[in-house]
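The values are calculated or read from the model by the stated rules, or taken from the named source; none is laboratory data. Please read all numbers here as calculations on a predicted model, not as lab measurements. Just the protein is used for accessible areas: all its heavy atoms, side chains included, with ligands, DNA and RNA removed. Shrake-Rupley method; radii C 1.70, N 1.55, O 1.52, S 1.80 Å.
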Amino acid sequence: MDDCIFCKLFEGKIPSTRIYEDDTVIGFKDLRPQARIHQLFIHKQHTRDINDLVSTDPNQLTELFRAIAAYTAREGLTRGGFRIVTNLGPDAGQTVFHTHLHLLAGEQLGPFGA
Ligand code: 5GP
Ligand code: ZN
């Protein structure tokens, strides 16, 4: 999608620090980390949010979570644990409209939902 910042990032038109890639998914460091480890995982096919993704191709959800499982195992993050977050719409504070999963880890995380 022409106007999408994460499509541009995936195509290399915007710089990023890539921490994971397979055939269908990439992971990269969040520009403004909210935890010691804060990565974003996106599918290479554009959808605008998690509900759009599920109605477009629910298999993408499996591909995203397989990527996260591979990355967290590789980086030894399953022992301390991690949190996955996705925001949809203004109440949740979604600012980028290419479906992405936040991976937060590397420290004791605070409460959420406020
Ligand atoms: P949202 O608020 O939509 O759930 O999350 C968007 C996330 O994307 C934010 O955490 C923000 O810091 C991150 N972000 C926005 N623009 C860029 C960018 O150009 N590069 C990277 N690496 N992260 C970005
Ligand atoms: Zn996109």
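For the stretch 60-66, in order, what is each residue's ³J(HN,Hα) by Karplus, 6.51 cos²θ - 1.76 cosθ + 1.60 with θ = phi - 60°, in whole Hz (x at glycine and Pro)?
3J(HN,Hα) across the stretch 60-66, in whole Hz: 4, 5, 4, 5, 5, 6, 5.
Would you tell me the accessible area of Ser55, worked out with a 1.4 angstrom probe on the heavy atoms of the protein chains, in Å² to the nearest 10?
Accessible surface of Ser55 is approximately 90 Å².
Can you list the HN-Hα couplings for the stretch 96-110, worked out from phi with the Karplus curve (6.51, -1.76, 1.60; θ = phi - 60°), rounded to whole Hz and with x for Gly and Pro?
My calculation for the stretch 96-110 gives 10, 9, 10, 3, 9, 10, 7, 10, 10, 6, x, 6, 5, 7, x Hz in order.
Any idea what the alpha-carbon Rg over 2.2 N^0.38 Å comes to for the stretch 73-114?
1.36
Counting every Cα pair in the chain, what percent are over 18 Å apart?
49 percent
For the stretch 76-82, take each phi angle, set θ = phi - 60°, evaluate the Karplus expression 6.51 cos²θ - 1.76 cosθ + 1.60, and give the result in whole Hz per residue in order, putting x for glycine and proline.
x, 8, 7, 6, x, x, 7
Could you check which residue among Asp57, Asp49, Asp30 shows the biggest mean-square fluctuation in a GNM of the chain with a 10 Å Cα cutoff?
Asp57
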